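Notes for the one structure printed next.
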Amino acid sequence: MEYIKIPNIYKREEFGKNRLIIGDYSTDELLVLKDIQWVWTEKVDGTNIRVIWDGYRVEFKGRTDKAQIPKELLARLEELFGGESKEELFEQTFGQKEVILYGEGFGGKIQGKNGYGETDFILFDVLVGNVFLERNNVESIATTFGIRVVPVVGVGTLNEAEHFIRDIPRSLLRDGNAEGIVCRPMVELRTRRGDRIIVKIKCRDFKGDR
């Protein structure tokens with residue numbers, strides 16, 4: 001299962017500079033839910049990676065099945081999740097359940113040299129069967145495998161999240177500013193079509209609008 005493309009908080013202009021239309025939420029669900037409490041995690045500027053456990057073996061894939069994984073990142077993934085001992089850890093943790101660890105490959109030369117340091121993998125979501133795990137369970141799995149997890153940078157409404165981004169916050173993961181944040185409701189919510197409710201807010205969309 002490929003990870004969803006996370007929508008922006010607002011719609012964009014169809015012409016001109018393609019800027020966000022402030023206040024025009026990209027989905028009806030965001031408009032209805034804008035005043036509830038959302039958890040904000042730092043958005044990482046890297047490449048989407050899936051670590052897949054099918055109940056018997058581990059496999060690495062990018063955002064799509066055809067995506068190529070940089071060799072430095074593949075070596076890091078093998079270090080983190082490869083080998084007999086890690087296979088046993090997957091089996092001990094998940095049994096024969098189908099599991100996907102969703103994360104971001106970042107650092108090194110991925111997306112250019114952008115201040116993250118050495119090539120690494122950071123976890124942001126875990127799918128067990130067809131259920132996405134809650135944040136505390138994601139953190140527990142990260143601890144089990146000795147890997148990093150995207151940091152929580154705040155909690156609040158979408159309006160508060162927007163104001164947080166307008167101040168161009170410093171990154172907790174690299175030397176410099178954060179790329180943005182990903183916001184999720186305090187509890188997992190879905191649309192009537194079954195899509196996850198999740199949204200991203202990028203600093204660059206507000207740089208000229210402060």
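Among the residues of the range 21-32, those that are touching a Ser or Thr at 6+ places or on another chain (Cβ under 9 Å) and either in the same structural domain as Asn114 (by TED's automatic domain parsing) or not in a loop (DSSP other than H, G, I, E, B) (or both) comprise Asp28, Glu29.
Considering every residue within the range 44-64, establish whether at least one is more than 30 Å from Gly112 (Cβ to Cβ), assigned by TED's automatic domain parsing to the domain that holds Ile201 and basic (Lys, Arg). Taking every residue of the range 44-64 in turn, none turns out to be more than 30 Å from Gly112 (Cβ to Cβ), assigned by TED's automatic domain parsing to the domain that holds Ile201 and basic (Lys, Arg). With within 21 Å of Ile4 (Cβ to Cβ), among the small types (Gly, Ala, Ser) and in contact with a Gly (Cβ under 7 Å, 6 or more places away or on another chain) as the only criterion, which of Gly115, Gly105 stands out? Result: Gly105 is the single residue among Gly115, Gly105 that is within 21 Å of Ile4 (Cβ to Cβ), among the small types (Gly, Ala, Ser) and in contact with a Gly (Cβ under 7 Å, 6 or more places away or on another chain). In the condition set (1) within 21 Å of Phe60 (Cβ to Cβ); (2) part of a loop (DSSP other than H, G, I, E, B), Thr144 is compliant with all but (2).
Any idea which residue in the range 58-94 is surrounded by the fewest Cβ atoms within 10 Å (Cβ to Cβ), counting only those that are among the polar types (S, T, N, Q) and touching a residue at least 12 places away in the same chain (Cβ under 8 Å)?
Filtering the range 58-94 down to residues among the polar types (S, T, N, Q) leaves 64, 68, 85, 92-93.
Filter once more, keeping what is touching a residue at least 12 places away in the same chain (Cβ under 8 Å): 64, 93.
Details: Thr64: 10, Thr93: 14.
Restricting to residues being among the polar types (S, T, N, Q) and touching a residue at least 12 places away in the same chain (Cβ under 8 Å), the top hit is Thr64.
Only a single criterion out of (1) farther than 23 Å from Ala178 by Cα; (2) of a type in the set (Val, Ile, Thr); (3) in contact with a strand residue (DSSP E or B) (Cβ under 8 Å, 6 or more places away or on another chain) is not satisfied by Thr64, namely (3). Restricting the range 153-197 to residues that are crowded, with 18+ Cβ neighbours inside 10 Å and of a type in the set (Val, Ile, Thr) leaves a set whose member that is farthest from Asp24 (Cα to Cα) is Val153.
The values are calculated or read from the model by the stated rules, or taken from the named source; none is laboratory data. Quantities reported herein were computed from a predicted structural model and do not represent experimental measurements. Heads up, the Cβs are rebuilt from the backbone with ideal geometry, glycines too, and the neighbour counts pull from every protein chain shown.
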